Amino acid sequence: MARVLLGTAPQIVAQAPLDPSAARAWIEAHYEALRGQWVAVRLEEPALVASASTLSQLLEGCDPLELKTCLVHYVYTVEQEHQPIGPWWQR
């Protein structure tokens, strides 16, 4: 038999998502140096946390808790920027 405790029910408050615009601006400012890399940039006080040539390497090399507060982004190479994206019929 279970007992019900009297009192107020716990309230769950959702945190507002962090704004990624500062991290995006940091990536744009360092774009040339990061080409061809997956990067993790801190959302608050933007700074590079990690970079790797593959997403798997980035995820394996970072602390999962730290990644929760990062923007993870791939920085295109010059060749990739000029390739059409999408299915063949959209090219």
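Some points to look at:
Rundown of residues vs (1) in contact with an Asp or Glu (Cβ under 7 Å, 6 or more places away or on another chain); (2) hydroxyl-bearing (Ser, Thr, Tyr); (3) exposed (fewer than 11 other Cβ atoms within 10 Å of the Cβ), yes/no style:
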| site | (1), (2), (3) |
| --- | --- |
| Ala16 | no, no, yes |
| Ala23 | no, no, no |
| Gly36 | no, no, no |
| Glu45 | no, no, yes |
| Thr54 | no, yes, no |
| Gly61 | no, no, no |
| Leu71 | no, no, no |
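- Listed by first and then second residue, the pairs with beta-carbon distance under 8 Å, at least 6 apart or on different chains, first residue in segment 20-38 and within 19 Å of Leu55 (Cβ to Cβ), second assigned to a helix (DSSP H, G or I) and of a type in the set (Val, Ile, Thr), are Leu34/Ile27; Arg35/Val78.
- In segment 28-81, the qualifying residues are those that are more than 13 Å from the chain's Cα centre (by Cα) and among the aliphatic types (A, V, I, L, M), and the one that is farthest from Leu18 (Cα to Cα) is Val78.
- Test: residue in segment 46-67 that is in contact (Cβ under 8 Å) with a residue 24 or more places away in the chain and among the polar types (S, T, N, Q): no
Read-outs throughout are calculated quantities, based only on the coordinates presented, and are distinct from any laboratory measurement. Everything numeric in this text was worked out from a predicted model, so none of it was measured. Positions of Cβ are backbone-derived with ideal geometry, glycine not excepted, and every protein chain shown enters the neighbour counts.
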